[in-house]
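Bear in mind that the values in this text are calculations on the coordinates, not laboratory data. Since the structure is predicted, the reported quantities are computational estimates derived from the model, not experimental observations. Every residue, glycine among them, receives a Cβ derived from its backbone with ideal geometry; neighbour counts consider all protein chains shown.
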Ligand SMILES: Cc1ncc(COP(=O)(O)O)c(C=O)c1O
């Protein structure tokens, strides 16, 4: 029998009925559990395998939702969670921090690219993107450029389901009928998608028109009105778009030239998914602000974060306080698990653990996209 606590739900049939009635599944119609045989009640996971309530075993080929990088069922992570919950589960994110949060932030400053040094914690990827946008806008405000509010995203990219994140996503056409109008001041540029090039060009003779278009956009809008460019180093939702090798250096240069912050969204890419710790590491790319979630905790806790470089943090010194707070940011249990999950692979190497969870070895990441 399943562990159903004191709910009185003692058999599978009762559980299924209750789930169908009382749970609205994400991105699904109401009642989906009853009508769609692909939706399941899962009860157990080990490594890359999961078991449903009927005892069927599945390969969790998508690692949950692209995130269980260290594999399911790691007892040591559960133990770290229990230890921290028994000691101190929560401290107000505005008044205090905790040892697990300090340990995690320090660890992240060691493993994230370049001089990304300071962490702001939250509960997931969308919150990380919201936080990055707010930090970017406030950075400019404190630097005497309050009109720098516009954000440039790229068509086809996904940055989350909350309002700001949805607005900067390049998947807006799908959600516009329900959720438009979106946040104002957002523009979308072409992705570096050579297979379906917006400019009908071929790399390298295109000379990276897609990157230069972002520069032209910034100039046309007036750089003094643009806060940030947000982009995934490898765009997952757009069809795993790996940009040409010189794309990121070019775009990094364009942002620097115009004083525009670059937000690298590593929510899906991060923690080993591309064979390096972060996708940015393939190109030596350092965003001014970097978002992360998913593989950060490998799904053992709902946690996300933003890493910032020192020049971004410098804007928030003295009386310039961050105008942003999330009750659960830096949750002690979440940070304890996450810190523990960072250590899972012995030498604290997420990429190795993420690949060994599926028994596969990382293949070399292609430098340029394949047209096949
Ligand atoms: C690149 C990227 N950013 C942000 C998000 C939003 O993350 P979450 O669903 O944890 O809010 C996602 C989710 O898939 C994502 O792929």
Rounded to the nearest 0.05, what FRET efficiency do residue 21 and residue 44 give with R0 = 25 Å and r taken as the Cβ-Cβ distance? Could you check? 0.60
Tell me the angle of helix 332-343 to the major Cα principal axis of the chain, expressed in degrees between 0 and 90 and rounded to the nearest ten. 80 degrees
Using R₀ = 41 Å, calculate the FRET efficiency as 1/(1 + (r/R₀)^6) where r is the Cβ-Cβ separation of residue 220 and residue 245; round to 0.05. 0.90
Helix-only mean residue ellipticity at 222 nm for the chain, each DSSP H run of n ≥ 4 adding -39500 (n - 2.57), per residue, nearest 500: -10000 deg cm²/dmol
Across all Cα atoms of segment 70-164, Rg and the largest Cα-Cα distance (Dmax), in Å, are 17.2, 50
Could you identify which residue out of 330, 270, 47 has the top mean-square fluctuation in a GNM of the chain using Cα springs shorter than 10 Å? 47
If I fit a long axis through the Cα atoms of helix 75-87 and take the longest principal axis of the Cα atoms of the chain, what angle between them do I get, 0 to 90°, rounded to 10? 90 degrees
Set the Förster radius R0 to 45 Å, insert the Cβ-Cβ distance between residue 59 and residue 319 as r into 1/(1 + (r/R0)^6), and round the FRET efficiency to 0.05. 0.25
In degrees, nearest 10, range 0 to 90: what is the angle between the Cα axis of helix 99-111 and the longest Cα principal axis of the chain? 50 degrees
Using C-alpha positions alone, give me the convex hull volume of the chain per residue in cubic angstrom. 158 Å³
Using alpha carbon centers only, segment 278-319 is separated from segment 95-109 by a whole-angstrom value of 14 Å
Under Stokes-Einstein, with the Kirkwood radius over Cα pairs standing in for Rh, what whole-number D in µm²/s applies to segment 184-272 at 4 °C and 1.567 mPa s? 95 µm²/s
Per the rule of 0.36 nm per residue minus the C-alpha distance, extending residue 198 to residue 175 adds in nm 6.1 nm
Multiply the residue separation of residue 107 and residue 75 by 0.36 nm, subtract the distance between their alpha-carbon atoms, and state the gained length in nm to one decimal. 9.4 nm
Nitroxide proxy distance, nm - points 7 Å out along Cα→Cβ at residue 96 and residue 183: 3.1 nm
Mind checking the full-extension length gain between residue 35 and residue 163? Use 0.36 nm per residue of separation minus the Cα-Cα distance, one decimal, nm. 43.1 nm
